[in-house]
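Colleague: Got a structure for you, questions after.
The values are calculated or read from the model by the stated rules, or taken from the named source; none is laboratory data. Just so it is clear, the model here is predicted, and its values are computed rather than measured. Note that each Cβ is placed from the backbone with ideal geometry, even for glycine, and that neighbours are counted across all protein chains shown.
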Amino acid sequence: MASNKVYANAKEALAGVDSNMTYLVGGFGLCGIPENCITALRDSGVKNITCVSNNAGVDDFGLGLLLQTRQIKKMLSSYVGENATFEKQFMSGELELEFCPQGTLAERLRAGGAGIPAFYTPTGVGTKIAEGKEVREFNGRQFILEKGITGDFAFVKAWKGDKFGNLIYRKTARNFNPMIATAGKITVAEVEELVEVGELDPDQVHTPGVYIQRIFKSTNLEKRIEQRTVSKK
Amino acid sequence: MPLTREQIAKRISDEVQDGYTVNLGIGIPTLVANYIPSNKTVMLQSENGLLGMGPFPTEDKIDADLINAGKQTITALPGASFFSSADSFAMIRGGHIDLTVLGAMEVDEEGSIANWMVPGKMIKGMGGAMDLVAGARNVIVAMQHTDKEGNSKLRKKCTLPLTGVKCIKKIVSDFGVIEVTDDGFVLKEYAPDMTAEQVVKATEGKIKISPDCKAMSV
């Protein structure tokens, strides 16, 4: 049962991806992004896709790779500041963009994966984000209704995974990956270390394997650093 | 002389109490960490999933898996914890963060803040700012009092699209310390080489001078 989730590489694990689909992509900036899945999605040649991801990568890395090839029709993100290709395509009207506050985005993905269609949040009340959304008062304070998100495919990156799909993330590379793992019709996990079932301590598992349909070992990870800041001592 | 960025950060550090959990935004707010005295135990939260953020790493300790919300390489202190973005914003929205410090383009006399978009310019996104102002128990804004032309950024009403409504309690600008009350701005301290009257004159929104208003010690 466990072994049929294991794929040889990203290309095989992405079987079934198609144009016009919605893809959920883990990571914060370039930290904890599913590098191999992104490259394989580019190479698959799918078009007019919607990507849900906190950021949009940089010009030549991360989701920026799919912007260069104009495969993305719409992005749903909280912050896209680091990407000139993005800016050009957005300003010319080629690319659709929906901004979602970061915490709301995280919760929408969590809700999507947890079978919650929508929820009320105080974030964004009285701002542009609230336009067209239902407002309701609880305990004298206003909240807006935000909807859960699911995707046709979800791509996550973890540090260790076993052949059943149990995942352990490392440090701040966890970020959006756990929620995104729960919200895909098909969730593909790429891991730095792929181990046998039973080798991970159940108490340390962050994402239970039930959420993962496909898993493979990443190759040639770049793990690029966006802002290399050091102290002298 | 108006305060420097460092002096604004240093003054805000006085607001940080022992035992606080604090989220510092990008820019001047980040500098606040440099002035928190070592006799105060303070946990810094980074909204990408870290509580207990430490200084930048030395060259040999750089780790691509360990960054802050500004995407800078950082370290984790003893007692730190890592968590998902959903957990991080549960902390923020749920009111578990004592203090948030962030920058602003405008704040108005009702405490509404604008800091995420200028119409007609490329919009980078609000990131976590809307969640932070909606959720933290106390939000302090670090900002310039006026723009380059000398126009007040402490407004009667924000002209830019809002980040949050009626959520700011205190501003530390380069001109002084201003509280936001039900009756508009109240000047508590002014920059050493200025007068209270100069600060009032440079403020568009309704502003009163507090009876105990004094020159800031920097």
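Colleague: Given the options B:Ser81, B:Ser85, name the one that is farther than 22 Å from B:Ala142 by Cα, more than 18 Å from the chain's Cα centre (by Cα), more than 9 Å from chain A (Cβ to nearest Cβ) and among the hydroxyl-bearing types (Ser, Thr, Tyr).
Modeller: Criteria check complete, one pass: B:Ser81.
Colleague: Consider B:Met117 carefully, then state whether it is surrounded by fewer than 24 Cβ atoms within 10 Å (Cβ to Cβ) and out of contact with any helix residue (DSSP H, G or I) (no Cβ under 9 Å at 6 or more places or on another chain).
Modeller: no
Colleague: Further question: Check region B:198-218 and report whether any residue there is touching a helix residue (DSSP H, G or I) at 6+ places or on another chain (Cβ under 6 Å) and at pLDDT below 95.
Modeller: Yes, the conditions are met somewhere in region B:198-218.
Colleague: Does region A:143-191 hold any residues that are surrounded by 21 or more Cβ atoms within 10 Å (Cβ to Cβ), charged (D, E, K, R) and within 11 Å of chain B (Cβ to nearest Cβ), and which are they?
Modeller: Within region A:143-191, A:Lys157, A:Arg174 meet the criteria.
Colleague: Could you check how many residues of region A:192-209 are surrounded by fewer than 23 Cβ atoms within 10 Å (Cβ to Cβ) and outside any loop (DSSP other than H, G, I, E, B)?
Modeller: So the answer is 8.
Colleague: To continue, here is another question. Mind checking which pairs have a first residue in region B:24-48 that is more than 12 Å from B:Thr100 (Cβ to Cβ) and a second that is aromatic (Phe, Trp, Tyr) and modelled with pLDDT of 95 or more, Cβ under 7 Å, 6 or more apart or different chains?
Modeller: B:Val42/B:Tyr20; B:Asn48/A:Phe28
Colleague: How many residues does region B:140-161 hold that are under 19 Å from B:Gly27 (Cβ atoms) and either among the aromatic types (Phe, Trp, Tyr) or away from chain A (no Cβ under 13 Å) (or both)?
Modeller: Of the residues in region B:140-161, 11 are under 19 Å from B:Gly27 (Cβ atoms) and either among the aromatic types (Phe, Trp, Tyr) or away from chain A (no Cβ under 13 Å) (or both).
Colleague: Another question about this same structure. Name the strands (runs of 3 or more DSSP E) wholly inside region A:72-134 in which the number of residues that are at the interface with chain B (Cβ under 9 Å from one of its Cβ atoms) and farther than 20 Å from A:Lys185 by Cβ is 2 or more.
Modeller: Fully inside region A:72-134 and qualifying: A:96-99.
Colleague: Please give the number of the condition B:Ile140 fails out of (1) of a type outside the set (Asp, Glu); (2) crowded, with 19+ Cβ neighbours inside 10 Å; (3) over 13 Å from the mean Cα position of the chain (by Cα).
Modeller: (3)
Colleague: Quick one: would you say B:Pro37 is more than 12 Å from chain A (Cβ to nearest Cβ) and closer than 18 Å to B:Met130 by Cα?
Modeller: no
Colleague: Take the residues in region B:146-155 that are under 20 Å from the mean Cα position of the chain (by Cα) and either under 13 Å from B:Phe185 (Cβ atoms) or among the small types (Gly, Ala, Ser) (or both), then tell me which one is surrounded by the fewest Cβ atoms within 10 Å (Cβ to Cβ).
Modeller: Per the stated criteria, the residue is B:Ser152.
Colleague: Going by the structure shown, is B:Leu99 crowded, with 24+ Cβ neighbours inside 10 Å and either in contact (Cβ under 8 Å) with a residue 12 or more places away in the chain or within 14 Å of the chain's Cα centre (by Cα) (or both)? Outline the logic, then answer.
Modeller: Working: crowded, with 24+ Cβ neighbours inside 10 Å: no; either in contact (Cβ under 8 Å) with a residue 12 or more places away in the chain or within 14 Å of the chain's Cα centre (by Cα) (or both): yes.
Against the criterion (crowded, with 24+ Cβ neighbours inside 10 Å and either in contact (Cβ under 8 Å) with a residue 12 or more places away in the chain or within 14 Å of the chain's Cα centre (by Cα) (or both)), B:Leu99 does not qualify.
Colleague: How many of the residues making up region B:45-75 are closer than 27 Å to B:Gly95 by Cα, outside any loop (DSSP other than H, G, I, E, B) and more than 7 Å from chain A (Cβ to nearest Cβ)?
Modeller: Summing the residues that are closer than 27 Å to B:Gly95 by Cα, outside any loop (DSSP other than H, G, I, E, B) and more than 7 Å from chain A (Cβ to nearest Cβ) in region B:45-75 gives 7.
Colleague: Taking the options B:Val141, B:Val172, name whichever one is in contact with a Lys or Arg (Cβ under 6 Å, 6 or more places away or on another chain) and closer than 30 Å to B:Met91 by Cα.
Modeller: The unique qualifying residue is B:Val172.
Colleague: Only one residue in B:Gly164, B:Gly176 is buried (at least 21 other Cβ atoms within 10 Å of the Cβ) and within 14 Å of another protein chain (Cβ to nearest Cβ), so which one is that?
Modeller: Testing whether each residue is buried (at least 21 other Cβ atoms within 10 Å of the Cβ) and within 14 Å of another protein chain (Cβ to nearest Cβ) leaves just B:Gly164.
Colleague: Here's something else I'd like to know. Anything in region A:5-17 that is in contact (Cβ under 8 Å) with a residue 40 or more places away in the chain, more than 12 Å from A:Gly151 (Cα to Cα) and out of contact with any Gly (no Cβ under 8 Å at 6 or more places or on another chain)? List them, or say none.
Modeller: Those that are in contact (Cβ under 8 Å) with a residue 40 or more places away in the chain, more than 12 Å from A:Gly151 (Cα to Cα) and out of contact with any Gly (no Cβ under 8 Å at 6 or more places or on another chain): A:Val6, A:Tyr7, A:Ala8, A:Asn9, A:Ala10, A:Glu12, A:Ala13, A:Leu14, A:Gly16.
Colleague: Only one of A:Ile186, A:Ile212, A:Ile180 is touching a Leu at 6+ places or on another chain (Cβ under 6 Å) and touching a residue at least 40 places away in the same chain (Cβ under 8 Å); which? Steps first, please.
Modeller: Numbers: A:Ile186 fails: touching a Leu at 6+ places or on another chain (Cβ under 6 Å); A:Ile212 fails: touching a Leu at 6+ places or on another chain (Cβ under 6 Å).
When all the criteria are applied, what remains is A:Ile180.
Colleague: Filter region B:120-134 down to the residues that are buried (at least 21 other Cβ atoms within 10 Å of the Cβ) and more than 7 Å from chain A (Cβ to nearest Cβ), then identify the one that is nearest to B:Lys170 (Cα to Cα).
Modeller: Per the criteria, the residue is B:Val133.
Colleague: Would a scan of region A:140-147 turn up a residue that is more than 17 Å from the chain's Cα centre (by Cα), part of a loop (DSSP other than H, G, I, E, B) and of a type outside the set (Val, Ile, Thr)?
Modeller: Yes, some residue in region A:140-147 is more than 17 Å from the chain's Cα centre (by Cα), part of a loop (DSSP other than H, G, I, E, B) and of a type outside the set (Val, Ile, Thr).
Colleague: Looking only at region A:171-182, decide whether some residue is part of a loop (DSSP other than H, G, I, E, B) and more than 25 Å from B:Lys61 (Cα to Cα).
Modeller: No, the conditions are met nowhere in region A:171-182.
Colleague: Continuing with this model, one more query. Condition first: within 21 Å of B:Ala9 (Cβ to Cβ) and of a type in the set (D, E, K, R). Can you find one or more residues in region B:190-199 that meet it?
Modeller: Kept after step one, since they are within 21 Å of B:Ala9 (Cβ to Cβ), are these residues of region B:190-199: B:190-194, B:199.
After this cut, where a residue has to be of a type in the set (D, E, K, R) as well, the list is B:193.
Yes; the residues of region B:190-199 include at least one that is within 21 Å of B:Ala9 (Cβ to Cβ) and of a type in the set (D, E, K, R).
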